[in-house]
1. Go through (1) out of contact with any Ser or Thr (no Cβ under 8 Å at 6 or more places or on another chain); (2) open to solvent by less than 20 Å² (accessible area, probe 1.4 Å) one by one and return the number of the condition Gly113 breaks.
2. I'm trying to understand the selection: among the residues of the stretch 61-76, which are open to solvent by less than 70 Å² (accessible area, probe 1.4 Å), part of a helix (DSSP H, G or I) and free of Cβ contacts under 8 Å to residues at least 40 places away in the same chain?
3. Determine which single condition Glu104 fails, assuming it passes every other condition in (1) surrounded by 15 or more Cβ atoms within 10 Å (Cβ to Cβ); (2) modelled with pLDDT of 90 or more; (3) more than 13 Å from the chain's Cα centre (by Cα).
4. For the stretch 30-49, give me each residue that is open to solvent by 70 Å² or more (accessible area, probe 1.4 Å) and not small (Gly, Ala, Ser).
5. Examine the stretch 122-135 for a residue that is open to solvent by 50 Å² or more (accessible area, probe 1.4 Å) and not in a helix (DSSP H, G or I), and state whether such a residue exists.
6. Is it true that Leu112 is within 30 Å of Leu12 (Cβ to Cβ) and part of a helix (DSSP H, G or I)?
7. Of all residues in the stretch 51-60, which are touching a residue at least 24 places away in the same chain (Cβ under 8 Å) and open to solvent by 70 Å² or more (accessible area, probe 1.4 Å)?
8. Could you list, in sequence order, the residues of the stretch 136-168 that are in a helix (DSSP H, G or I) and among the basic types (Lys, Arg)?
Amino acid sequence: NYIASRYLYIPLVGFCLFISTYLAKFDARKSLKGIIIVILVFYSLSTFIKNFTWKNNTVFHLAMVKRDPGNALVHAGLGDCFRNDGFLEKAINEYKTAIRLNPELLDVYNNLGVVFGDSARYEDAIDCFRRALKIDPNNLAAYNNLAVSYARIKNWPQARASWEKALK
């Protein structure tokens, strides 16, 4: 799970507090105290360095793509970041990579279609929404986005049919 490091952050704080309390009350050999202090310093520095990776979602997902390039969800997340930052071509590339890695990701087809629509590539958008509907024929967002794409190319009968299917 590529987000596991975010889940473990809070428990590690508790672990460090536990060890610190133990060290304060520990009266045994100094060498054992020294080893524990070195371990704490190591983990503290590693946490400090990790904070740069967690600077924002784009930086985080770029790091995760380097770490796990075969994970479709990581590429989809990076595509979302690029889309939100306005880098539509980069978003398209990441969504296409995610689909190549896992062709059953409904949301990725929908998001890719939205980016194609934002780029005035309506035929490509329509294709994405149709593929999303093959995965889930009852997906309201895909029907709505399909209708909007048809409306943008002034194909009113198809737009109306898609909106009617969304309303059923």
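The values are calculated or read from the model by the stated rules, or taken from the named source; none is laboratory data. These numbers were taken from a predicted model, which means no experiment stands behind them. Methodologically, a virtual Cβ is constructed for each residue, glycine included, from the backbone with ideal geometry; neighbour enumeration extends over all protein chains shown. Side chains included, ligands, DNA and RNA excluded: accessible areas come from the protein's heavy atoms. Shrake-Rupley method; radii C 1.70, N 1.55, O 1.52, S 1.80 Å.
1. Tallying (1) out of contact with any Ser or Thr (no Cβ under 8 Å at 6 or more places or on another chain); (2) open to solvent by less than 20 Å² (accessible area, probe 1.4 Å), Gly113 fails exactly one: (1).
2. His61, Ala63, Val65, Ala72, His75, Ala76
3. Glu104 satisfies every listed condition except (1).
4. Lys30, Leu32, Ile35, Ile37, Val38, Ile39, Val41, Phe42, Tyr43, Leu45, Phe48, Ile49
5. The answer is no; no qualifying residue exists.
6. So Leu112 fails the test.
7. Selection gives Asn57 alone.
8. Arg152, Arg160, Lys165
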